[in-house]
Amino acid sequence: MKTLIKQGHKLHIQCCGSRWSCRVMAALGLLLGSACAPFGGPAHERLLESAGWTSSQLEVAGFQLALFSQALPVDTELLNIYLGGDGSAFVARQRIGRDPTGSEHTGLQLAIADPAPSAFLARPCYYGGAFTPPCEPSLWTLERYSPRVVGAVVEALAELARRYPRARLTLVGYSGGGVIALLAARQLERVERVITVAAPLDTAAWTQHHGYTNLSAGSNPAQITDWPVRLRQLHLFGDRDTRVPATVVASYHAATGLSPAQSVTVPVADYDHACCWVQDWPAILAALAAR
C-alpha cells in the first residue's frame, strides 16, 4: 500500500518495502519490465503494445516526428502531451551517440502511466529519425533545445491542437524534454499548463555545474522574462538528484522572477533523476491534484 504525505512544500511519497523499490500494480510492472533493449526498437514497441497504444508520424519542418498515443476521441476535453529526455545524446563524455533515443524511455513510461488522456511526442531525430535527413548530431547535442528543434515541436503540437479542438492542453516534459516543453508552451496559446520533471530549467547553470560545453543560443528558459500570464508552470525535482541539482531549478526562478501564481517548484523527498518517477507517477499526479 502506498501512502502520500505532504510536509510543508515538499512532497513525500512512501512505498512498501525499500525506499528504492516501490511496488506498483501488475499492469504497470509489465510495462517497466520491457524497458531494457537498446535504441528505442523492441523496448518502446513492447511498451506501446502492453499499453494498447498506437504509433504514427507527424511531418513538420522537414522532420518526421513519432507520435504515440492511446485511443483519443476527437472531442476529448483534456490532453496531456509528454516529451522525453535527452536519451543517449552522448555515450561517453566526449563521444556523441549515433542514435539519441537510448535504452531508457522514462518520458514514454510517464505518459503511459498517466490515467488521463495522454500522448507522447518524440523530439526531432528521436524514435527512428536519427538517420533520416535533416537529422544530424548537432540536433541532439549543442542544439538539442535550439529554436529549430523547438519550432518543429511547436508545429507538431499545433497540429494536435487542431485535431482535438476542445482539449485543454498540458505539456509534461521529463529531463531535457522539460526544457523543450517550457520553450514550446510559451508559443502556443492553447497550452494552459506545463509540468517539468527533473528538468535543467536553467541550461547555463546546468552546463556550468557539470563543466559541459555551453549549448546554442536561444536554448535557455532562464533567459526569458516575458512568460505569458495564461501559462501555469509546475516543476518537480528529486531532492537527491545530482544530474539536475536543486540549485539549477532555483537559478531558473531567480532569473525569471516568476510569482508563485505562475510557477511552483515541488521538491520530492528521496527521489533522484531516475527513481522513482515512473513507479509513482499516478500517485504523484493524484497528490498534486489534491494540493
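The values are calculated or read from the model by the stated rules, or taken from the named source; none is laboratory data. Note that this is a predicted model, so its numbers are computed, not measured. Neighbour counts run over all protein chains shown; Cβ positions are idealised from the backbone, glycine included.
Laid out as a table, the results:
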read-out	value
Residue identified as buried (at least 20 other Cβ atoms within 10 Å of the Cβ) and over 18 Å from Leu201 (Cα atoms) among Pro100, Pro73	Pro100
Yes/no for Pro267 being surrounded by 17 or more Cβ atoms within 10 Å (Cβ to Cβ), of a type outside the set (S, T, N, Q), over 27 Å from Gln94 (Cα atoms) and in contact (Cβ under 8 Å) with a residue 24 or more places away in the chain	yes
Selection count, the stretch 54-100, where residues are in a loop (DSSP other than H, G, I, E, B), more than 19 Å from the chain's Cα centre (by Cα) and among the hydrophobic types (A, V, I, L, M, F, W, C)	4
Leu28 part of a helix (DSSP H, G or I), modelled with pLDDT under 90, touching a helix residue (DSSP H, G or I) at 6+ places or on another chain (Cβ under 9 Å) and surrounded by 14 or more Cβ atoms within 10 Å (Cβ to Cβ)	yes
Qualifying residue in the stretch 160-181 (condition: closer than 14 Å to Phe68 by Cα, over 14 Å from the mean Cα position of the chain (by Cα) and modelled with pLDDT under 95)	no
Odd one out for Arg162 among (1) among the charged types (D, E, K, R); (2) in contact (Cβ under 8 Å) with a residue 24 or more places away in the chain; (3) not in a loop (DSSP other than H, G, I, E, B)	(2)
Candidates Thr203, Thr242, Thr265 - the one that is out of contact with any helix residue (DSSP H, G or I) (no Cβ under 8 Å at 6 or more places or on another chain) and at pLDDT 95 or above	Thr242
Residue match in the stretch 223-237 (condition: out of contact with any Cys (no Cβ under 8 Å at 6 or more places or on another chain), at pLDDT below 95, polar (S, T, N, Q) and buried (at least 21 other Cβ atoms within 10 Å of the Cβ))	no
Answer residue from the stretch 270-282, given it is of a type outside the set (D, E, K, R) and buried (at least 20 other Cβ atoms within 10 Å of the Cβ) and is farthest from Thr203 (Cα to Cα) among those	Gln279
Qualifying position, being touching a residue at least 60 places away in the same chain (Cβ under 8 Å) and crowded, with 19+ Cβ neighbours inside 10 Å, among Leu157, Leu201, Leu182, Leu139	Leu157
